[in-house]
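The values are calculated or read from the model by the stated rules, or taken from the named source; none is laboratory data. This structure is a prediction, so every number in the text was calculated from the model and none was measured. Counting neighbours? That spans all protein chains shown, and the Cβs are built from the backbone with ideal geometry, glycine included.
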């Protein structure tokens, strides 16, 4: 059993304007678990351009705010309590269309996608 407190985790930010600040809670490290978890803080108007998840299936669950996830043919709004499955072969973009930050829990398995996040630049937790 492994406990990660709210203030624990590896805080990173992708090298793009208005990108989310993510905290890698579990996964993506050598010898780590086969499933990983990330907390993402997506600022209003921010997000991620079209991307794939590097061999990982991911489940996004919105805690607060809302996000919009789009692929080539469809766009869905994900609101608090909603969960969205993005399969490893899908390319999607993610935005926060609201005027408040969105907090999203992202589970990934296998953890290949999270290993890439660990290489993003460090970010202060504040």
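Table: residues versus (1) buried (at least 17 other Cβ atoms within 10 Å of the Cβ); (2) on the phi > 0 side of the Ramachandran plot; (3) in contact (Cβ under 8 Å) with a residue 12 or more places away in the chain.
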| site | (1), (2), (3) |
| --- | --- |
| 70 | no, no, yes |
| 76 | no, no, no |
| 92 | yes, no, yes |
| 100 | no, no, yes |
| 109 | yes, no, yes |
| 120 | yes, no, yes |
ask   = What number of residues within the range 91-110 satisfy the criterion of being assigned to a loop (DSSP other than H, G, I, E, B) and at pLDDT 95 or above?
value = 7
Failed item in (1) surrounded by fewer than 18 Cβ atoms within 10 Å (Cβ to Cβ); (2) part of a loop (DSSP other than H, G, I, E, B); (3) under 13 Å from the mean Cα position of the chain (by Cα), with residue 53 passing the rest = (1)
query = So which residues in the range 78-90 are out of contact with any helix residue (DSSP H, G or I) (no Cβ under 9 Å at 6 or more places or on another chain) and on the phi < 0 side of the Ramachandran plot, if there are any at all?
reply = 78, 79, 80, 82, 83, 84, 85, 86, 87, 89, 90
query = Within the bounds of the range 70-89, is there any residue that is within 16 Å of residue 120 (Cβ to Cβ), within 13 Å of the chain's Cα centre (by Cα) and part of a strand (DSSP E or B)?
reply = no
task = Give me a count of the residues in the range 31-47 that are closer than 17 Å to residue 87 by Cα and surrounded by 19 or more Cβ atoms within 10 Å (Cβ to Cβ).
result = 3
ask   = Does at least one position in the range 25-39 carry a residue that is in contact with a strand residue (DSSP E or B) (Cβ under 9 Å, 6 or more places away or on another chain), closer than 30 Å to residue 99 by Cβ and free of Cβ contacts under 8 Å to residues at least 24 places away in the same chain?
value = yes
